[in-house]
1. What is the distance, in nm, between label points placed 7 Å from the Cα along the Cα-to-Cβ direction at residue 114 and at residue 65?
2. Can you give the extra length, in nm with one decimal, that the chain gains between residue 75 and residue 34 once fully stretched, where that is 0.36 nm per residue apart less the Cα-Cα distance?
3. Could you please report the charge total around residue 119, scoring K, R as +1 and D, E as -1 over all other residues with beta-carbon less than 15 angstrom from its beta-carbon?
4. Determine ³J(HN,Hα), in whole Hz, for all residues of segment 51-58 in sequence, where each value follows from phi through the Karplus function 6.51 cos²θ - 1.76 cosθ + 1.60 and θ = phi - 60°; x replaces Gly and Pro.
5. Below 28 Å Cα-Cα, how many Lys pairs turn up in the chain? Only count pairs eight or more apart in sequence, or on different chains, if you could.
6. Under the rule of -39500 (n - 2.57) per DSSP H run of 4 or more residues, summed and divided by the residues of the chain, what mean residue ellipticity at 222 nm is obtained, to the nearest 500 deg cm²/dmol?
7. Treating only the Cβ atoms of Lys and Arg (+1) and Asp and Glu (-1) as charged, compute the dipole magnitude of the chain about its Cα centre; round to the nearest 20 debye.
8. Cα centroids of segment 82-130 and segment 1-46: how far apart, whole angstrom?
Amino acid sequence: MAPTTFTISDLAKEFDLTTRAIRFYEDMGLLDPKRDGPGGRVRVYSSRDRTRLKLTLRAKRLGLSLVEAKELIDMYESPRDTATQLRAFLQVIAQNKAKLQAQMADLQANLDELKAHEQESKALLQRLSEK
């Protein structure tokens, strides 16, 4: 049976993160662990926190900012209309997709320029070796 609570170390190990990163996500409002122990110094993460962390990391891989990730994750936890949530998600996806496509075009232009310089350099080297 899967555990229902997790320590910060458990989550750090499972998701290959530093505890500092997890505390940062907590500071951003993405995670909300309960506090335990003397002075509430021990963080106790719930299954909900674990799921939110997993969704946050997925959002980051998709190119979303932490603010966008939080908005979307919070939206899914609210009892609002699912169609509205999906439209908002699709809008964020479209924006990030356009940004990534622009970055790909820039990278392709850089690669093309490098190839041209490479060919020119090889041709010059060939001419120099023929002299």
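We did not get these values from a lab; they are worked out from the coordinates using the rules stated. Values in this document were obtained by computation on a predicted structure and should not be read as measured data. Methodologically, a virtual Cβ is constructed for each residue, glycine included, from the backbone with ideal geometry; neighbour enumeration extends over all protein chains shown.
1. Roughly 2.9 nm, to one decimal.
2. Numbers: separation 41, 0.36 × 41 = 14.76 nm, distance 2.16 nm.
Roughly 12.6 nm would be gained on extension.
3. On the way: positive: 115, 122, 127; negative: 112, 113, 118, 120.
Residues near residue 119 contribute -1 overall.
4. So the Karplus estimates, Gly and Pro as x, are 5, 5, 5, 4, 5, 4, 5, 5 Hz.
5. So the count of such lysine pairs works out to 19.
6. Working: 5 runs with 93 residues, N = 131.
Rounded to the nearest 500, the figure is -24000 deg cm²/dmol.
7. 300
8. Cα centroid of segment 82-130 versus Cα centroid of segment 1-46: 38 Å apart.
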